[in-house]
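Novice: Structure in structure tokens, see below.
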Amino acid sequence: MLLLAIETIDLNGSESMFAISNKLNLQHLFPSKVSIWKLRSNNPMRKSQNINNFSNEQLDGLIKITSEMSKYLYPYVRAIISSKDNYINKPELWNDFQSRYIELIEQRFNTESIIVKNLIDYDYSQEFFKKILLTLSLVSSDEGYNRLKFVLANL
Amino acid sequence: MLQNKYSFNQSSTELVIFGLPDYSNNDKNDNISIISGWKLSIIDQPEIEGSIDHLKSLIKAFYKCAALSLLDRKEKIESELIDLNLDESGSYRITLKSTKPNVKPLKIKIGYAEFSDIIICFDQLKNFKKIKIDFNELKPNIKKKSIFSFNKNKFASDIIPPLIAFFTVSLFTLIGIYFFENKDSRDKNISKISNNPNIMIKIK
């Protein structure tokens, strides 16, 4: 969901993720864009879920990519959160984010599943989307990688 | 001796630290080991300042609150110097308590955006080598959720609806069985009568 939120904000998200993985010297883990996609397609909510084996190192790499991407996108993430906090005066950014996020979920996820149905419900999903953005903003600092890892280990 | 001053900025927030090097610790001139003051400014909010103990409490509370928010857990954070909680409207309510007598606690309300700005400022401070604060003692102490821990909300949302559905289906099934059993026995009675050669049933 975090990577999908990144793609919602960065229209060229999958390209950027691959570029960031190269910048972080993770070519041995993700030699192509397909290798990142393969890892992401393990998500059971996806329409075409593929169960691929992946190593801890690859998972770690994906956490690093998420944290690094959110560093670059922090100004946008913050602006969207501000728009939600101040929805009466500035609803545009939040509305754009929400509708594009839902569009991507509908494209990629199995909309027959109840969880996904809840995610694409405009009213029901608002708080969840806000939490996703908060997560992105809190993992956007130098401590972000450790923080995200700590959270995933304690879920 | 000149005081050193460093500031950390992120969007709406600025954290300024003043202090002196500790030469007995082989500090360089531009290091800070003895923090003499600090100031946290947030746009549209009153300035916060205090002693090193206040700063440590603030960082500890914010780090714990960040971890709890990420884990989607609701726990009250209360200490002698600071209370920090997420309210129903999705804002963080901070109550800063002064150590001086007759000073009322300062109450501040901030949104997610300001909250993450403050956390990023603290992260910058943590990774800044020239200021020496022991962040190990400020790590959030979050207990792992036990498998057997009981979550009232989760119970209400996950268990009660299927139970209601199960009882509703059972109830309708029982009513259905009762209704059809009665109908069957009535049909049997009719066939017995019609099988009797002495009784004629006229069908128009």
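Here, each number is a calculation from the coordinates, and none is a lab measurement. Not measured: the values here are computed from a predicted model. Cβ atoms come from the backbone with ideal geometry, glycine included; neighbour counts cover every protein chain shown.
Novice: Calculated FRET efficiency, residue B:22 and residue A:127, Cβ-Cβ r, R0 41 Å, to nearest 0.05?
Specialist: It comes out at approximately 0.30.
Novice: Next question, about the same structure. Using a simple spin-label model with points 7 Å from Cα along the Cα→Cβ vector, what separation in nm is obtained for residue B:180 and residue A:88?
Specialist: Spacing of the two 7 Å Cα→Cβ label points: 5.8 nm.
Novice: Enter the mean number of other protein chain beta carbons within 10 Å of the beta carbon of each residue in A:68-78, as an integer. Please report the intermediate quantities before stating the final value.
Specialist: Numbers: counts 0, 0, 0, 1, 0, 0, 5, 1, 0, 3, 9.
Shielding by partners across A:68-78 averages 2.
Novice: Something else about it: Apply the Karplus curve 6.51 cos²θ - 1.76 cosθ + 1.60, θ = phi - 60°, to the phi angles in the stretch A:140-146 and return the couplings in whole Hz, x for Gly and Pro.
Specialist: So the J values, rounded to whole Hz, are 8, 9, 5, 8, x, 4, 5.
Novice: Please report the net charge: other residues with Cβ closer than 11 Å to the Cβ of residue A:149, K and R +1, D and E -1.
Specialist: Net charge around residue A:149: 0.
Novice: I'd like the orientation of helix A:126-138 relative to chain A: the angle between its Cα long axis and the longest Cα principal axis, in ° from 0 to 90, rounded to 10.
Specialist: 50
Novice: Related question: Quick one: net charge of residue A:140's neighbours, Cβ under 12 Å, K/R +1, D/E -1?
Specialist: Numbers: positive: A:71, A:78, A:147; negative: A:68, A:142, A:143, B:117, B:123.
Once positives and negatives cancel, what remains is -2.
Novice: How many Cβ atoms of partner chains, on average, are near each residue of B:114-122 if near means within 10 Å of its Cβ?
Specialist: That works out to 5 on average.
Novice: Also: Cβ neighbours within 10 Å, averaged per peptide: list B:87-97, A:135-145, B:71-81 in order, most packed at the top.
Specialist: So the order, starting with the most tightly packed, is A:135-145, B:87-97, B:71-81.
Novice: On a 0 to 90° scale, report how tilted helix A:13-23 is relative to the longest principal axis of chain A, with both axes built from alpha carbons and the result rounded to the nearest 10.
Specialist: That helix lies at roughly 40 degrees to the long axis.
Novice: Right, next: Using mean Cβ contacts within 10 Å as the protection proxy, how do B:168-181, A:88-101 order, highest first?
Specialist: A:88-101, B:168-181
Novice: Within 10 Å of each Cβ of A:127-139, how many other protein chain Cβ atoms are there on average?
Specialist: For this peptide, the per-residue mean of nearby foreign Cβ atoms is 4.
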